[in-house]
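Heads up, the thing below is written out as structure tokens.
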Amino acid sequence: MFFNGQTMAKLPEEIKKFVDEKYHGKEIVLSIATDVLAKGMYGEEWLFLTKEEVFVVKDSDAKIQIVIEVPIKTITDARAINMVGGGALEVESEGKPHRLLLYSNAKAHDFTDAARIINDLAKKGTYRELNAERRRKYCPTCGKPIPGHTDVCPRCLKRHRTFSRLFEFAKPYRTKILSIFLIMICATLAGLSVPYISKILIDQVIRPLKDQWRLAPLALALLGANALQIFLRAVQVRIAAFVGNSAVYDIRRTLYKKLQNLSISYYDKRHTGALMTRVNSDTGEVQNFLVDWLPMLLESALTIIGIGVLLFVLSWRLTLYIIIPVFITVWFVRKVYPKLWLYFARFYDKRSRLSATVNDTLTGIRVVKAFGQEDKEQKRFEEKSKDFRDTSILLEQKFATYNPVLSITILFGTVVVWYVGGKLAFAGEMTLGGIVAYSGYLAMFYRPIFLLTDMTRIFTHSLSAGERIFEVLDAKSEVEDAPDAVSMPDLKGDIEFRNVTFGYNKLRPVLKNVSFKIDAKQSIGIVGRSGSGKSTVISLLCRLYDVDEGEILIDGVNIKKIKYVDLRKNIGIVLQEPFLFSGSIAENIAYSKSEAKMDEIIQAAKAANAHDFIMSKPDGYDTYVGERGGRLSLGERQRISIARALLHDPKILILDEATSSVDTETEKAIQEALNRLIKGRTTIAIAHRLSTLRNSDKIIVLDEGELAEMGSNDELMGKKGIFYKLIQIQTEFAKSRLILE
Amino acid sequence: MRKKEKNGESFIILEPEKIKFEMGGSGVLRMISEGKTYQRVYPLSVFPITNPDNFISIRDVEEDEIGLIKNLKDLAHDQQNLIRSQLRISYFVPTIKEIFKIKEEFGIYVWHVKTNRGQRTFYVKGRNENLILRGNSRLLITDIEECRYEIEDFNKLPRRSLMELDKVL
């Protein structure tokens, strides 16, 4: 009946009744709510689709009415016009256009799908079910958006789960953690005993001037207690450092491994910088949390309990009085700290914006100078600098104001201790030693309290870092083998694309219903204008992405069902922009097969016409290629990547030809190398060279994502269609190049 | 839909006297130019943020540009209104008039606001990655659904709104 999960809004009862009445007996294929009314204001209207008509219902002024109704069989075109921030669903019927409804971007996906279904119904009478695999944007439990790119809603996933997960990493160090805890208790006890010892010293020895022999041992005891505390703390920190850092090392390792396993589309959707931050600084934050904050927080909790008890024991009457100043201090800190943190955040923000501006200008200094824009850049810098200065001043001023106020509130407490304590002393209920001890404990009391009030922020901050890490660890490894994956170590190399539709952005498919077959050992050329979908075909074949609709088959098996390791072994690529790792030439050639023997490497290099230039370098095959192969020229890099592919020896070769940017000599060498590479493999080449095309068994021409023409070179030239035109342009271009050279 | 690049040397200017816009059936704009009727036209501002009234691109349903209107103000009033009301729909960017509350949860900020198109609650990822400052006090906000909102001049917002905005600026 109604599509479930597609509508976020629930269909109101009155509308449901209205529709049931008016369209009695008709099956409702689709019902979607929009969030924008016809005039452009926010509001709700409902789109309904039966097999015979499409109509829009709205509930205005308590009257339900049909806004517009169009019979399906009169519809010649239905589309979701995506504009800025929103769009409109329009159909064309009997030559006239009709705007059915408006929507904001939030509903763009829904209505694009709706348009497709309407088109299907109008043209074919049937429709395809919507792709149910759409990533869940909203949590089904609480209805709020899922922040990360996982399917897990962090609200509904209880906070303490992250906590316990972090502790999973600490598990192997259980005994050490226990010992830390015990040491902490001992250290705290030692610390707490110090004021008490001074109380004894004052009350039982110094004031009454009695038992002088006790001075020395008591003083030593004071020293001892302090020393013990310091010593135990040091030991604790040592162990904590070991535990914390080891746990973080484990987290970092797991994280990095996971990042390697993630799909390309995961990387597409995110800043590489953000992912690097995850590995570097988020793990650092978690480390801080485990090593520094957590022990401190525990210790603070212990201290507070301990001191609280002691204060009460020393003088419950005084404790009752002291609650007020302590309360005021704590309240002040709780209210003020969050605000300060905001100023800090803004400070860091402005600072990074400033350095981004500087970075920008200095990196692009050539352009700045070429266009004579130094003054403009100077102004831009000054603005940002001024902004930063103002924010810094504000921050420090706020600090300068809050700190004294804080100190005064604390002093207030001290005053109460001495005044009330003094009065109690006069009444015989407290001793001097007691007052001094009390003072001492109170001084020790504040720091842990401040720490604990900050606790929520620290926890949130660190757990957020932890969550970001787990977000990556939880991300679906799209590169995992399906449970029923087939092992195919020896492929023949038959490839088939069957009704493949795909788009990096689901709303704009780059490939539309593309179908073609390639037999093993054939070489195919793919041509088309830029953006027609050529590189996408290749990415899909490498299984860097999965198709939205249709299938890709290798040797008759769906590519999704083939084990990754076999796919990777049997598919090799040579890219336009050859990517080399910073290592030696030999290491790069042997990248796919680290156990490759030296003669294999040399053989591959020879076949790639690379051997000679490699030997012309002083370090030969051990030459370091630099970051991204930057120390080699483009022609050299290309040949190394060809050698790499030769060594890999895949059954299926994917070739993304570079538009020639090398001299004709090198061009010839590369061409020869490629010819050797192609022999005996199923080759798919995004062709730019006329020679490649002439040598291809079959050529596929893509136009705006659709398969436009397919056939041999001669057949397509004879057709005088798109291919013919492209070749004309290419030959003209080549001719003009020759003249220039 | 991919825009086909028409190879031409320059763009086509639509002369105000030579064109006429009409509201077609059910809300779709229609243009008559030099005897030819374009059933479905969609106007877009070439400089939507800095200069929305100058250079309006008139496009057809396949996103091909039919021509440009140099200045909206050169058209007759009723014509201007037609285009403006259509632009208002093409650019669904509500203006925030008041911010009731901004709350943070797991790195997502929940905004409860009142706009010139009604009340709205939306979610923004991060504190200010999705906030763009244009000029001195104009703010453009993109939410998690890629819906956009704008604050024309945050200095003119009511005080409570400013206090909320402070949490993220």
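Checking the stated criteria, A:Ala482 turns out to be surrounded by fewer than 16 Cβ atoms within 10 Å (Cβ to Cβ) and not in a helix (DSSP H, G or I). Picking from residues in the stretch B:23-40 that are crowded, with 18+ Cβ neighbours inside 10 Å and of a type in the set (A, V, I, L, M), the one that is nearest to the other protein chains (Cβ to nearest Cβ) is B:Val28. Of the strands (runs of 3 or more DSSP E) that lie entirely inside the stretch A:495-575, those containing 2 or more residues that are surrounded by fewer than 18 Cβ atoms within 10 Å (Cβ to Cβ) span A:495-502, A:511-518, A:549-554. Pick from the stretch A:36-58 the residues that are more than 23 Å from A:Leu121 (Cβ to Cβ) and not in a loop (DSSP other than H, G, I, E, B): which of them is farthest from the other protein chains (Cβ to nearest Cβ)? The extreme case among them is A:Glu44. Applying the selection to the stretch A:628-641, what residues are more than 19 Å from A:Leu541 (Cβ to Cβ) and outside any loop (DSSP other than H, G, I, E, B)? Those that are more than 19 Å from A:Leu541 (Cβ to Cβ) and outside any loop (DSSP other than H, G, I, E, B): A:Arg628, A:Gly629, A:Leu634, A:Gly635, A:Glu636, A:Arg637, A:Gln638, A:Arg639, A:Ile640. Taking the criterion of being buried (at least 18 other Cβ atoms within 10 Å of the Cβ), closer than 23 Å to A:Val91 by Cα and in contact (Cβ under 8 Å) with a residue 24 or more places away in the chain, the residues of the stretch B:41-62 that qualify are B:Val41, B:Tyr42, B:Pro43, B:Leu44, B:Ile58. Mind checking whether some residue in the stretch A:102-110 is more than 27 Å from the chain's Cα centre (by Cα) and either at pLDDT 85 or above or within 14 Å of another protein chain (Cβ to nearest Cβ) (or both)? The answer is yes, given that some residue of the stretch A:102-110 is more than 27 Å from the chain's Cα centre (by Cα) and either at pLDDT 85 or above or within 14 Å of another protein chain (Cβ to nearest Cβ) (or both).
Listed by first and then second residue, the pairs linking a residue in the stretch A:385-405 that is among the charged types (D, E, K, R) to a residue that is surrounded by 12 or more Cβ atoms within 10 Å (Cβ to Cβ), with Cβ atoms under 6 Å apart and 6 or more places separating them unless they lie on different chains, are A:Asp387/A:Lys350; A:Lys398/A:Tyr343.
One line per residue, one yes/no per condition, for (1) in contact with a His (Cβ under 9 Å, 6 or more places away or on another chain); (2) of a type in the set (Phe, Trp, Tyr); (3) closer than 21 Å to A:Glu706 by Cα; (4) in contact (Cβ under 8 Å) with a residue 12 or more places away in the chain:
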{"position": "A:Val537", "(1), (2), (3), (4)": "no, no, yes, yes"}
{"position": "A:Leu540", "(1), (2), (3), (4)": "no, no, yes, yes"}
{"position": "A:Ile552", "(1), (2), (3), (4)": "no, no, yes, yes"}
{"position": "A:Val557", "(1), (2), (3), (4)": "no, no, no, yes"}
{"position": "A:Lys561", "(1), (2), (3), (4)": "no, no, no, yes"}
{"position": "A:Lys569", "(1), (2), (3), (4)": "yes, no, no, yes"}
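One residue alone among A:Asp61, A:Asp77 is under 24 Å from B:Thr115 (Cβ atoms) and either away from chain B (no Cβ under 11 Å) or acidic (Asp, Glu) (or both), and that residue is A:Asp61. If you filter the stretch A:318-330 down to residues that are surrounded by fewer than 16 Cβ atoms within 10 Å (Cβ to Cβ) and touching a helix residue (DSSP H, G or I) at 6+ places or on another chain (Cβ under 9 Å), you find that the one that is farthest from A:Ile410 (Cα to Cα) is A:Ile324. Restricting the stretch B:111-127 to residues that are facing chain A (nearest Cβ under 8 Å) and within 20 Å of A:Leu463 (Cα to Cα) leaves a set whose member that is surrounded by the most Cβ atoms within 10 Å (Cβ to Cβ) is B:Arg127.
When the residues of the stretch B:142-164 are filtered to those that are assigned to a strand (DSSP E or B) and within 11 Å of another protein chain (Cβ to nearest Cβ), the one that is farthest from B:Tyr91 (Cα to Cα) is B:Thr142. Scanning the stretch B:117-138 for residues that are aliphatic (A, V, I, L, M) and more than 16 Å from the chain's Cα centre (by Cα) turns up B:Val124, B:Leu131, B:Leu133. Among residues that are touching a strand residue (DSSP E or B) at 6+ places or on another chain (Cβ under 9 Å), more than 28 Å from A:Val500 (Cα to Cα) and of a type outside the set (Asp, Glu), A:Gly556 is not included.
Let's see how each residue does on (1) in contact with a Lys or Arg (Cβ under 6 Å, 6 or more places away or on another chain); (2) modelled with pLDDT under 90; (3) farther than 29 Å from A:Leu89 by Cβ:
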position: B:Glu65; (1), (2), (3): yes, yes, no
position: B:Gln80; (1), (2), (3): no, no, no
position: B:Trp111; (1), (2), (3): no, no, no
position: B:Asn130; (1), (2), (3): no, yes, no
position: B:Leu133; (1), (2), (3): no, yes, yes
position: B:Cys147; (1), (2), (3): no, yes, no
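Matching residues to (1) surrounded by 12 or more Cβ atoms within 10 Å (Cβ to Cβ); (2) in contact with a Lys or Arg (Cβ under 6 Å, 6 or more places away or on another chain):
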{"position": "A:Thr363", "(1), (2)": "no, no"}
{"position": "A:Arg389", "(1), (2)": "yes, no"}
{"position": "A:Ile393", "(1), (2)": "no, no"}
{"position": "A:Gly433", "(1), (2)": "yes, yes"}
{"position": "A:Ala437", "(1), (2)": "yes, yes"}
{"position": "A:Gly440", "(1), (2)": "yes, no"}
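Just one residue in the set A:Ala590, A:Ala608, A:Ala586 is within 32 Å of the chain's Cα centre (by Cα), touching a residue at least 12 places away in the same chain (Cβ under 8 Å) and within 28 Å of A:Leu544 (Cβ to Cβ); that residue is A:Ala590.
Note on the stretch B:83-105: among residues that are over 25 Å from B:Leu44 (Cα atoms) and crowded, with 18+ Cβ neighbours inside 10 Å, the one that is nearest to the other protein chains (Cβ to nearest Cβ) is B:Ile102. Can you find a residue in the stretch A:150-160 that is within 14 Å of chain B (Cβ to nearest Cβ), modelled with pLDDT under 85 and within 30 Å of A:Ile305 (Cα to Cα)? So far as the stretch A:150-160 goes, yes, one or more of its residues are within 14 Å of chain B (Cβ to nearest Cβ), modelled with pLDDT under 85 and within 30 Å of A:Ile305 (Cα to Cα). Among residues that are away from every other protein chain (no Cβ under 14 Å), closer than 26 Å to A:Ile81 by Cα and not in a strand (DSSP E or B), B:Gln79 is included. Is it the case that the stretch A:281-295 has a residue that's within 14 Å of chain B (Cβ to nearest Cβ) and within 35 Å of the chain's Cα centre (by Cα)? Yes: the stretch A:281-295 contains one or more residues that are within 14 Å of chain B (Cβ to nearest Cβ) and within 35 Å of the chain's Cα centre (by Cα). In the set (1) at pLDDT 80 or above; (2) within 16 Å of A:Leu452 (Cα to Cα), A:Asp292 fails one condition alone, (1). When restricted to residues that are modelled with pLDDT under 85 and buried (at least 23 other Cβ atoms within 10 Å of the Cβ), the stretch A:675-691 contains 1.
Once the stretch A:576-597 is narrowed to residues that are assigned to a helix (DSSP H, G or I) and among the hydrophobic types (A, V, I, L, M, F, W, C), the residue that is surrounded by the fewest Cβ atoms within 10 Å (Cβ to Cβ) is A:Ala586.
For the stretch A:668-681, a residue qualifies if it is in a helix (DSSP H, G or I) and touching a residue at least 12 places away in the same chain (Cβ under 8 Å), and the qualifying residues are A:Ala669, A:Ile670, A:Gln671, A:Glu672, A:Ala673, A:Leu674, A:Asn675, A:Arg676, A:Leu677, A:Ile678.
Among residues of the stretch A:332-347 that are without any contact (Cβ under 8 Å) to a residue 60 or more places away in the chain and over 18 Å from B:Lys103 (Cα atoms), those with a beta-carbon under 7 Å from a residue that is among the β-branched types (Val, Ile, Thr) and assigned to a helix (DSSP H, G or I) at least six positions away or on a different chain give the pairs A:Phe347/A:Thr391.
The values are calculated or read from the model by the stated rules, or taken from the named source; none is laboratory data. None of these values were measured; they are calculated from a predicted model. Please note: Cβ atoms are built from the backbone with ideal geometry, for glycine as well, and neighbour counts cover all protein chains shown.
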